[in-house]
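K.L.:
Sharing a structure, written as structure tokens. Questions coming.
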Amino acid sequence: MKRNRLSVDQYVSGVLEGDRMILSRAITLVESRLDSDQLLAEGVMEQVIPYAGKSIRIGITGVPGVGKSTFIESFGNLILESGYRLAVLAVDPSSQKTGGSILGDKTRMEKLAADKRAYIRPSPAGSTLGGVSAKTREAMLLCEAAGFDVVFIETVGVGQSEIAVRGMVDFFLLLMLAGAGDELQGIKKGIIEMCDALIINKADGENIEASKRAKREYSNALHLFPAKENGWYPKVKTSSAITGDGMTEIWQMILAYKENMLSNGFFESNRASQRVNWMHEHIRYLLESKFYQDPIIKELINSSIENVRVGNTSAIAFGRTLVENFIQKEGRKDE
Ligand code: GDP
């Protein structure tokens, strides 16, 4: 059953009142690819953004199996007990295939999923990272306007999506395991450089000693990196998502970071440059989707793709012809 759309005012007032049903519908609206929905979504976002921005935004990454969902359940519940409201979102362009990582993991987030102070939303369906991360950013702002004052953004730690998440959060946590080599964990050096803290998870039972050792080794290795521009040296901590050990310390570290960055001005300047990057991303996203949805462009691509594939048509020349074609056609619309 297709529900009637709400008006901009109905979405906005519902979100601001913290109505979860309307929040979910507003996120579905921003995720829609229909032109008419996008216009409506823009209207909603315009009015909601002034009320957003007040949360602590935390990125959480790590390879599958490292314990992200279990960690989010444990860490998330601590945050709720500390009096905050928490939204959990995911950036995972591959989730179309797997059916949504967060929903699939809901059993590992049972308490959070049942708690009214928490809101869990799986990755939007989308084939491109640009599209998925654009929607996630808007979903984050809607959650903030709805009164969630901590936002987790989970990503599967293997590459591009970390960069997207780094660009929308205040603090970035990388979950790792003791014992497994970096290559084994699919962790690129670049990702380690991007993180504000490295967490050795599953530091429990027989794994405690190895985790402490890993903590020492990573701390030594991280000391070789220069301090970040904001003066912060990435920290290394251990945690157990099963026993809850280490969670309080991690939360204290993030609060101290926020305090620190608010006083040296980095918190706001970082968000300011994130907003500018967001604008550029959005421009790219709009141009690209308009271009590829254009029926004439679609037809031209369909009819010539084989020639490009076999090398009879130059990829560069054909690409330029398509873009020029598109620009001319758009220009004629205004005449
Ligand atoms: P994800 O793929 O990164 O989301 O990982 P999951 O949260 O699904 O966890 C993968 C497996 O590791 C599950 O069987 C968890 O029960 C287990 N696990 C997660 N965190 C811990 C931990 O801190 N200690 C132990 N011993 N097991 C854990």
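The values are calculated or read from the model by the stated rules, or taken from the named source; none is laboratory data. Values in this document were obtained by computation on a predicted structure and should not be read as measured data. Note that each Cβ is placed from the backbone with ideal geometry, even for glycine, and that neighbours are counted across all protein chains shown. Quick note on the areas: whole protein, heavy atoms, side chains included, nothing else; ligands and nucleic acids left out. Shrake-Rupley method; radii C 1.70, N 1.55, O 1.52, S 1.80 Å.
K.L.:
Restricted to segment 27-46, and to residues that are β-branched (Val, Ile, Thr) and farther than 30 Å from residue 174 by Cβ, which residue is least open to solvent (accessible area, probe 1.4 Å)?
P.N.:
Applying the filter and picking the extreme gives 44.
K.L.:
Give me the pairs, please: first residue somewhere in segment 246-260 and free of Cβ contacts under 8 Å to residues at least 40 places away in the same chain, second residue anywhere and basic (Lys, Arg), beta-carbon distance under 8 Å, and either six or more positions apart or on two chains.
P.N.:
Partner pairs satisfying both residue conditions: 249/237.
K.L.:
One residue is enough: does segment 311-333 have a residue meeting the conditions touching a Lys or Arg at 6+ places or on another chain (Cβ under 7 Å), in a loop (DSSP other than H, G, I, E, B) and of a type in the set (Gly, Ala, Ser)?
P.N.:
no
K.L.:
Exactly one of these conditions fails for residue 235: (1) among the charged types (D, E, K, R); (2) in contact with an Asp or Glu (Cβ under 8 Å, 6 or more places away or on another chain); (3) modelled with pLDDT of 95 or more. Give me its number.
P.N.:
Every condition holds for residue 235 apart from (3).
K.L.:
Of the residues in segment 255-271, how many are basic (Lys, Arg) and open to solvent by 20 Å² or more (accessible area, probe 1.4 Å)?
P.N.:
Total satisfying the criteria: 1.
K.L.:
State which residue is farthest from residue 289 (Cα to Cα) when the search covers only segment 18-36 and only residues that are in contact (Cβ under 8 Å) with a residue 24 or more places away in the chain and assigned to a helix (DSSP H, G or I).
P.N.:
By that ranking, first place goes to 20.
K.L.:
Just to be sure I understand, how many residues within segment 100-124 are at pLDDT below 80 and away from the ligand (no atom under 16 Å from the Cβ)?
P.N.:
Residues flagged as at pLDDT below 80 and away from the ligand (no atom under 16 Å from the Cβ) within segment 100-124 amount to 1.
K.L.:
May I ask you to say which residue of 68, 2, 97 is modelled with pLDDT under 95, surrounded by fewer than 22 Cβ atoms within 10 Å (Cβ to Cβ) and within 16 Å of the ligand (Cβ to nearest atom)?
P.N.:
Only one candidate passes the filter, namely 97.
Conditions (1) modelled with pLDDT under 90; (2) more than 16 Å from the ligand (Cβ to nearest atom); (3) not in a helix (DSSP H, G or I), marked per residue:
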position: 173; (1), (2), (3): no, no, yes
position: 179; (1), (2), (3): yes, no, yes
position: 200; (1), (2), (3): no, no, yes
position: 215; (1), (2), (3): no, no, no
position: 226; (1), (2), (3): yes, yes, yes
position: 262; (1), (2), (3): no, yes, no
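K.L.:
May I ask you to verify whether residue 281 is of a type in the set (Asp, Glu), open to solvent by less than 90 Å² (accessible area, probe 1.4 Å) and in contact (Cβ under 8 Å) with a residue 60 or more places away in the chain?
P.N.:
Values: of a type in the set (Asp, Glu): yes; open to solvent by less than 90 Å² (accessible area, probe 1.4 Å): yes; in contact (Cβ under 8 Å) with a residue 60 or more places away in the chain: yes.
Against the criterion (of a type in the set (Asp, Glu), open to solvent by less than 90 Å² (accessible area, probe 1.4 Å) and in contact (Cβ under 8 Å) with a residue 60 or more places away in the chain), residue 281 qualifies.
K.L.:
If residue 49 satisfies every condition in (1) among the hydrophobic types (A, V, I, L, M, F, W, C); (2) open to solvent by 10 Å² or more (accessible area, probe 1.4 Å); (3) at pLDDT below 95 but one, which is the exception?
P.N.:
Result: residue 49 fails condition (3) only.
K.L.:
Then there's this: How about segment 56-65: which of its residues are closer than 21 Å to residue 170 by Cβ and either among the basic types (Lys, Arg) or within 6 Å of the ligand (Cβ to nearest atom) (or both)?
P.N.:
57, 62
K.L.:
Let me spell it out: the conditions are (1) buried (at least 20 other Cβ atoms within 10 Å of the Cβ); (2) among the acidic types (Asp, Glu); (3) within 16 Å of the ligand (Cβ to nearest atom), and residue 196 meets all of them except one. Which number is the exception?
P.N.:
Among (1) buried (at least 20 other Cβ atoms within 10 Å of the Cβ); (2) among the acidic types (Asp, Glu); (3) within 16 Å of the ligand (Cβ to nearest atom), residue 196 violates only (3).
K.L.:
Sticking with this one: Of the conditions (1) more than 16 Å from the ligand (Cβ to nearest atom); (2) more than 22 Å from the chain's Cα centre (by Cα); (3) open to solvent by less than 40 Å² (accessible area, probe 1.4 Å), residue 252 clears all except one; give me its number.
P.N.:
Result: residue 252 fails condition (3) only.
K.L.:
Among the residues of segment 181-193, how many are open to solvent by 30 Å² or more (accessible area, probe 1.4 Å) and at pLDDT 60 or above?
P.N.:
Residues in segment 181-193 being open to solvent by 30 Å² or more (accessible area, probe 1.4 Å) and at pLDDT 60 or above: 4 in total.
K.L.:
Assess whether residue 320 counts as being modelled with pLDDT of 95 or more and exposed (fewer than 12 other Cβ atoms within 10 Å of the Cβ).
P.N.:
Here the answer is yes, as residue 320 does meet what is asked.
K.L.:
Would you check if residue 83 is assigned to a loop (DSSP other than H, G, I, E, B) and of a type outside the set (Ser, Thr, Tyr)?
P.N.:
Answer is yes for this residue.
K.L.:
Quick one: how many residues across segment 125-162 are at pLDDT below 90, open to solvent by 10 Å² or more (accessible area, probe 1.4 Å) and either among the polar types (S, T, N, Q) or assigned to a loop (DSSP other than H, G, I, E, B) (or both)?
P.N.:
7
K.L.:
Right, next: Cβ contacts < 7 Å: first residue over 17 Å from residue 119 (Cβ atoms), restricted to segment 64-87; second residue within 6 Å of the ligand (Cβ to nearest atom) and not in a loop (DSSP other than H, G, I, E, B), any location; separation 6+ or different chain. Result?
P.N.:
So the pair list comes out as 66/201; 67/201; 68/62; 70/108; 71/201.
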